[in-house]
Structure formats: structure tokens, C-alpha cells
1. Could you check how many residues of the stretch 43-90 are charged (D, E, K, R) and either touching a His at 6+ places or on another chain (Cβ under 6 Å) or farther than 25 Å from Val156 by Cα (or both)?
2. Of everything in the stretch 112-153 that's acidic (Asp, Glu) and assigned to a loop (DSSP other than H, G, I, E, B), which residue is farthest from the chain's Cα centre (by Cα)?
3. Looking at the stretch 31-72 only, could you name the residues that are farther than 21 Å from Leu108 by Cα and among the acidic types (Asp, Glu)?
4. Here are Arg38, Arg15: which of them is loosely packed, with under 10 Cβ neighbours inside 10 Å and of a type in the set (Lys, Arg)?
5. Does the stretch 24-37 contain any residue that is part of a loop (DSSP other than H, G, I, E, B), at pLDDT below 90 and of a type outside the set (Asp, Glu)?
6. Among the charged types (D, E, K, R), part of a helix (DSSP H, G or I) and in contact (Cβ under 8 Å) with a residue 12 or more places away in the chain: does that describe Arg96?
7. Confirm whether Arg105 is touching a Gly at 6+ places or on another chain (Cβ under 9 Å), surrounded by fewer than 14 Cβ atoms within 10 Å (Cβ to Cβ) and free of Cβ contacts under 8 Å to residues at least 60 places away in the same chain.
8. When Gly138 is evaluated against the numbered criteria (1) assigned by TED's automatic domain parsing to the domain that holds Gly159; (2) buried (at least 16 other Cβ atoms within 10 Å of the Cβ), which criterion, by number, is the only one it fails?
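The values are calculated or read from the model by the stated rules, or taken from the named source; none is laboratory data. This is a predicted model, so every value here is computed, not measured. Reconstructed Cβ throughout: ideal geometry from the backbone, glycine too, with neighbour counts over all protein chains shown.
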Amino acid sequence: MSSSDELTWATFRERPEPPPGELLSPASEIAALLQRYRNDLDSQRTADQAALADAQGAAADQAVLVFHLAAVLGRDEGAFADAGLTRLHRQLNALRHQMAQAIERTGLRVVDPTGQAFDDVADLVHVIGWRHGPEFAGEVVAETIEPIVRHETELVRPGRVVMGAPDKESM
């Protein structure tokens, strides 16, 4: 078509109508996009929380192991000395101390409830057994199998304890 030809409606051919569809306003398009972003953020937040829970669980496992290492080193100090391994004992104890500090830097606190009243720790421990004897004036934690592990004020892992109580005859 040259520039001298005049355009008329006859020049155009009729096209079929587009299929019916919902035309969304720009505001609706933006709202849909924002909802998609929100869903993506929620998914990422859920994944991050799961990863944090896994990391806290692993750190709590390490905290319990360090607690047990401290108990073994404290209990067997004389055996190390008798075997001429006092230097090794000091080195292991220093390493245990460094491990405990590293765990504390993560915000985890290890609590040994031994000697605490049952009422004070009832929500923080699982009781796995009882001992009765005259050495107990009331219901107290007689032995800590696993310590209580907390992150700030949140309970990460409950302790496992053996409770002590007075003999039934002395009650």
C-alpha cells in the first residue's frame, strides 16, 4: 500500500473475537503477584524454622554429651591420677570447658536439676524412676540422667531424672 492510497474500513479484514476471559485490573494483578511473594516468603520461613529446630536439636545433643563428659571427668579424676594420666585429665577437662562455652554462645543453657524440688521442675523433666530413702526430706531430684536444655526461656529438651522421696514409714 502506498502513501497515496486512502485507508478505508474496507482495507481491514475482520478478525475473530478473542476467547472470553477474565481481564484483571492492574490492582488485581499486583495483588496476585504480592500473594505469590507472600506464599514464597511463608514457605521460606517454614523451611528456616525447620532448619533452626534441627540445628537446635543437634546443639542440644552436644550439650547433653558435654554434660555427660563433665560427669565422667569429675567422677573418674582419681582413676586418671592413679593411672598417671593427670595431664590427660586436665587436657580433657579444658576441652570440655571450651565445648561448654561454645554451646553457651549459641544461647543454650544446660541446667542440672539435681537437688531441686519436684514442684519446681515438674514441667521441665521426665521422671524415669523413684528412689525412697531417709536421706530425702521431700520429693527432690535425686539423680540427673540428662540435663534440662533451654534456649533463653524456651525449653529445647526436657531433662530425664530419677526422683527421690522419703521412705513411706518416715512420712
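1. Total meeting the criteria: 6.
2. Glu135
3. Asp40, Asp42
4. So the residue among Arg38, Arg15 that is loosely packed, with under 10 Cβ neighbours inside 10 Å and of a type in the set (Lys, Arg) is Arg15.
5. Checked against the condition, which is being part of a loop (DSSP other than H, G, I, E, B), at pLDDT below 90 and of a type outside the set (Asp, Glu), the stretch 24-37 yields at least one hit.
6. Yes.
7. So Arg105 fails the test.
8. Unmet condition: (2).
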